[in-house]
Structures are given as structure tokens and as C-alpha cells.
Amino acid sequence: MREMEIVLEAVKDKYDDAVWIGLSKGTTPRWHWSLAGDEFYKEGERHYFLWSQVNDNNCAGYTNGNVRMLACDRLLYSICFDATKQGADQYILNTKYMVWAAARDYCRTHYTDLTSLRNDAEYQIVQQVAKGFTAHVGLFRDPWEWTDQTDSSFRYWNTDTIILPTGNQSCVAMLKVNSGKWGNRTCTETHPFVCECSELNSLLKHIVYHFYFK
């Protein structure tokens, strides 16, 4: 989210409609955690899924010790994660009924993100926090891929965006009408775009975003 804020600051009001970013639709949907940082996961934790139900839905919720595939537009409680705290205090039950994307935005605004479930201990803590409710967690499935081949699961969709569009809307842009949140666009459209450059300055690596427009 820090990088997203830098990009939003870089483009500001310099565009009229949309700005391309390096995300496009691949061929194979994969499961991701909304909380993207690699430093957050030890070996084997990023894909530690204890499924109770497998179906064609593309979001997941926690229920009775397991995760189950649920429709992304289902209204549920959610469990947020706060990286600034320690132990069980990191996990917060949000008792407002929300769809998955709105729950993600709520957790990002007030805490860090929707919670991940990385190991048995975390499943047990979340079971206590959930208090028997089925609740959104940060697990979702999509086919989107970054052009730089990174495996980042960070997404900044507007809440009404169709995550698995049909037809040729296979590229992603920041949309001005949605204050920079993402939407699907046809790849042949012409828009300004943002490039990322890595520069080594002494022992520090700085990410610089360059905005290109007509």
C-alpha cells in the first residue's frame, strides 16, 4: 500500500481517465493472501490452506477451524490484522456486514489488512476471535499477473470491479473516476502509464516511479 500511495501522489491530476499499470490477466487462477509482503511469511506459510469446502468461488472465509471458498459478494463479518500489535491483539473481529473487497478496504484503512492464516497457531487464534461466525479473511483467487514476474498479491480494485471479466478487458489501469483504484480495461486502449525504476544509492535501494503521458 505504501507503493500505491507513492504512485497516486506521482500521477495526481495529470491524467483524465486511466493510467496503465503492469497487471494483466493470465490463464490460471491462483490463491493469494491480500497481505502481500514476503517478510510476513516463513517457508510453507503462504500456501497453508486448511480447506473445509472446495468450489468455484474466488474468495475465502474462516469457519470452524478451516477456510472455505465463498462468493466474494457475500455479506459477512471479517477478521482484520494489525501489524503494529503483538499476539492475539493483532486479530480484530469487524462486526459490520461487508462484501470481501469492502472488508479488505476497511481493514487496510483501520489496521493493516484482512488477516492471513499462516500456521496452526494462527488458525487457533482466529477461531477464538471469530466467536463461531463465518468471517472474511484475506484469501482470494484470481488470474492476474505482473509484467515484471513478481508474485505480489497486492490488489487495489474498486469494490464493484468484476475481478474475472469476460471478453477482452484483460489489462488493468488506475481509474480517475475511482480515485485511482483499479479497473479492467481493453488492452488496445491508449493511456498514459507508470514505470518503476530501481536505483542503488549507497546501501539503500530506492524505488522511483516515472509517469509518462502524451
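Observations on the structure shown:
- Here is the figure for region 1-34: residues that are touching a His at 6+ places or on another chain (Cβ under 8 Å) and under 24 Å from C72 (Cβ atoms) total 2.
- Within region 1-39, the set of residues being surrounded by 18 or more Cβ atoms within 10 Å (Cβ to Cβ), in contact with a strand residue (DSSP E or B) (Cβ under 6 Å, 6 or more places away or on another chain) and hydroxyl-bearing (S, T, Y) comprises just one member, S34.
- Residue in region 128-141 that is at pLDDT below 95 and either assigned to a strand (DSSP E or B) or of a type in the set (A, V, I, L, M, F, W, C) (or both) present: yes
- A search for C-beta distances below 6 Å between a residue of region 40-57 that is at pLDDT below 95 and surrounded by 13 or more Cβ atoms within 10 Å (Cβ to Cβ) and any residue that is of a type in the set (G, A, S) and assigned to a loop (DSSP other than H, G, I, E, B), counting only pairs 6+ apart in sequence or on different chains, returns N57/A71.
- R74 vs. criteria touching a His at 6+ places or on another chain (Cβ under 9 Å) and not aliphatic (A, V, I, L, M): yes
- Residues that are under 17 Å from F154 (Cα atoms), free of Cβ contacts under 8 Å to residues at least 24 places away in the same chain and of a type in the set (D, E, K, R) are absent from region 26-34 altogether.
The values are calculated or read from the model by the stated rules, or taken from the named source; none is laboratory data. In this text the structure is predicted, and so the values were computed from the model without any measurement. Don't worry about glycine lacking a Cβ; one is built from the backbone with ideal geometry, like all the others, and counts go over all protein chains shown.
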